[in-house]
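To keep things clear, I will list the structure first and then write my remarks on it.
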Amino acid sequence: MTFAFDLILCLMILGTAGIALFVRDALAAIAFFIAFGNLMGLTWLGLDAVNVALAEIAIGAGVTGVLLILARARLLALGDDATCSGTPLWLRLGALAACAGFVVLLAASVLSIPPESGLDRVVAPLMPGLGIENRVTGVLLAFRAYDTLLESFVLLGALVAVWSLAPAGAWPGRPADPGMTDAPMRRVAGTFGQLLLPVALVMAAYLVWAGSDLPGGAFQAGTVLAGGLLVAAMGGTIGLPSSDRPLLRAALVLGPAVFLAIGLAGIAAGGLLVYPEGMAKALIVIIEYTLFLSIGVTLALLVAGPPVPDASHPNPEGKG
Amino acid sequence: MDLPLSDILSAGHLYALTGAVLVGLGLYAFITQRHPLRQLLAVNVVGAGIFLILGSLGRGPDATDPFPQALVITGIVVAVALTAFGAAMIVRQAETRAAAKPAADDNARGAS
């Protein structure tokens, strides 16, 4: 891509980030943050990092945006409109000086490092041994599988932490209904959710499969699944399950548990997370499919938030 | 386009510098914006800036280093986990504060 395009993109990124950070209205800030996330995705495309572009747009812009909008709506219902009170001038000047100095230091150190793709030459000859072609998937699930294993547990831990914020008496309830309160809008979202959920499932399953050789992967696919589940929940097509359902818990731990089991079994083949010769692709695909399911359910529940006291439906039967 | 700047600055450096400015902007907003939800947004911008520095410095002449790409994907997922926990804590704190107020206000809960 041309330099002019890069330059304009960078300026737009800085502009949307500036508005998202400093505009007075919180909803406008979140809207600009989502635009910022999508522009970041374009940047990753420009850098030839399609895997990251998918993750950035789906997770960085999409899921984070929905999370922030839901949090803002819940704050608004409590009478908090999330506008900022003014800060003293000395603080702003001090922060400006400190941050400007930090940016100069950071820029100087960044310019002292020549951009180069040295590890690409290291990774490329190792790929045939794995039987897959997507180098990023190779790094994520073979060369640095340790990181990804821990990351899947971080996601699970975050959900446990969010659930632990449930108010007294709410456990083990369901999260607050994210459904639209306006009846016509709920019908529209309901119909859309019914159509979207199967499409999202197919697309997500394809993204995992494609992730072996083409851009894609478990995290991007999990986000697509989470998006489908959330839209369906917003339209009332599916209800969010209560947190103690055995099936739900099984879905949450399946991915990390399978990953850990395969990793431990690798000790027999030479070390933790080592795949036996010739079986790498099969094992990677198994890990990715189970991980994708767990990531999708975990992300959807992370967005939905902790269980709330259930006053309207005393019956404990849940559907999901 | 034949801009003179492009001779001095490679695309990798241009994006890395943008990332550096994003980190600074986010830090400034984190210090000066006093609402926790806005600070959470600022943390996300700082994170995006760091990811951009990390990823763009792996931009070689013909390929982008897959190693930082994988790290950035991991980072994005961890950032969303942090954001979810932060948002839940902020809402919970507001609920506690609203409940502690004199019971005069009859807030219509469940409308969220």
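Some points to look at:
- Residue in region A:262-284 that is closer than 25 Å to B:PHE85 by Cα and in contact with a helix residue (DSSP H, G or I) (Cβ under 9 Å, 6 or more places away or on another chain) present: no
- Number of the condition not met by A:TYR206 [criteria: (1) at positive phi; (2) part of a helix (DSSP H, G or I)]: (1)
- Pairs are defined by a Cβ separation below 6 Å, a sequence spacing of at least 6 or placement on different chains, a first member in region B:57-73 that is more than 7 Å from chain A (Cβ to nearest Cβ) and buried (at least 24 other Cβ atoms within 10 Å of the Cβ), and a second member that is of a type outside the set (Lys, Arg) and assigned to a loop (DSSP other than H, G, I, E, B); the pairs so defined are B:PRO68/B:GLY58.
- Which listed residue is touching a helix residue (DSSP H, G or I) at 6+ places or on another chain (Cβ under 6 Å), surrounded by fewer than 20 Cβ atoms within 10 Å (Cβ to Cβ), among the small types (Gly, Ala, Ser) and not assigned by TED's automatic domain parsing to the domain that holds A:ALA221, from A:ALA4, A:ALA95: A:ALA95
- Residue within region A:160-182 that is loosely packed, with under 14 Cβ neighbours inside 10 Å, of a type in the set (S, T, N, Q) and modelled with pLDDT under 90 present: yes
- Only a single criterion out of (1) assigned to a helix (DSSP H, G or I); (2) within 9 Å of another protein chain (Cβ to nearest Cβ); (3) in contact with a helix residue (DSSP H, G or I) (Cβ under 7 Å, 6 or more places away or on another chain) is not satisfied by A:ALA73, namely (3).
- Being surrounded by 20 or more Cβ atoms within 10 Å (Cβ to Cβ), facing chain A (nearest Cβ under 7 Å), within 26 Å of A:VAL63 (Cβ to Cβ) and in contact (Cβ under 8 Å) with a residue 12 or more places away in the chain is not true of B:ALA81.
- A single member of A:VAL110, A:VAL154 is under 18 Å from A:GLY217 (Cβ atoms), modelled with pLDDT of 90 or more and touching a helix residue (DSSP H, G or I) at 6+ places or on another chain (Cβ under 9 Å), and it is A:VAL154.
- When restricted to residues that are surrounded by fewer than 20 Cβ atoms within 10 Å (Cβ to Cβ), of a type in the set (D, E, K, R) and either part of a helix (DSSP H, G or I) or at pLDDT 90 or above (or both), region A:135-151 contains 1.
- Of all residues in region B:75-95, those that are of a type outside the set (A, V, I, L, M) and touching a Ser or Thr at 6+ places or on another chain (Cβ under 6 Å) total 1.
- When the criteria are applied in full, A:ALA145 meets the requirement of being hydrophobic (A, V, I, L, M, F, W, C), more than 8 Å from every other protein chain (Cβ to nearest Cβ) and over 30 Å from A:PRO309 (Cβ atoms).
- Condition broken by A:THR64, with the remaining ones in (1) facing chain B (nearest Cβ under 7 Å); (2) over 30 Å from A:VAL208 (Cβ atoms) satisfied: (2)
- Region A:106-121, residues that are surrounded by 12 or more Cβ atoms within 10 Å (Cβ to Cβ) and more than 8 Å from every other protein chain (Cβ to nearest Cβ): A:SER109, A:ARG121
- Unique residue being of a type outside the set (Lys, Arg) and more than 19 Å from the chain's Cα centre (by Cα) when the list is A:GLY179, A:GLY216: A:GLY179
- Helices (runs of 4 or more DSSP H) within region A:218-320 that include 1 or more residues acidic (Asp, Glu): A:280-304
- Positions within region A:171-210 being within 22 Å of B:ILE90 (Cβ to Cβ) and away from chain B (no Cβ under 11 Å), in sequence order: A:TRP171, A:GLY173, A:ARG174
The values are calculated or read from the model by the stated rules, or taken from the named source; none is laboratory data. Predicted, not measured: the structure shown is a model, and the values here were computed from it. In this analysis, Cβ positions are derived from the backbone assuming ideal geometry, glycine residues included, and neighbour counts consider all displayed protein chains.
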